[in-house]
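Notes for the one structure printed next.
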Amino acid sequence: MHERGTVVAVHDGTVDVAIVARPECETCGACAEGAAGTRLLEGAVDRLGARVGDTVEVETPTRATGRARRWVYVFPVACLAAGYGAGHVAGIWLGVAPDVLGAIVGIGAGAAALGFLSRVSERLAGADEYPEVRSIHTRRR
């Protein structure tokens, strides 16, 4: 997916780009919601030397958004459900409130899944799966 936007922040080798939201943005999930109908694409790889205020074209590989969605949404929810099930069964065996133990273990498993994802996110994504600045259309002086 190719998007045109304005660089709003520059980091070490990456930029954050404000993009006007389009209908496709609802299903993509690569950007965070910004103010006044904009989206913020954070951490786009910048090998061209874009500066704040530049208008750039950013390519977001479709494979990256699907894979990210799978890991960020499905994995923690699956861990939450499995944790609830395991806690519920353990509660029955131990003679304690199965729903309470299930909820505690489920929330713990979901939180552990999110913690795991935050630690291994760099290894999960391949080098070709990050959004990247492909061209600079307008330089701000």
So the helices (runs of 4 or more DSSP H) completely within the range 50-141 holding 3 or more residues that are modelled with pLDDT of 85 or more, of a type outside the set (D, E, K, R) and exposed (fewer than 13 other Cβ atoms within 10 Å of the Cβ) are 75-94
Output for the range 14-46, where each listed residue is modelled with pLDDT under 90 and part of a loop (DSSP other than H, G, I, E, B): Ala21, Arg22, Pro23, Glu24, Gly29, Ala30, Cys31, Gly34, Ala35, Ala36, Gly37
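The values are calculated or read from the model by the stated rules, or taken from the named source; none is laboratory data. Small disclaimer: the values here were computed from a predicted structure and weren't measured. Here Cβ is always computed from backbone atoms with ideal geometry, including for glycine, and neighbour counts include all displayed protein chains.
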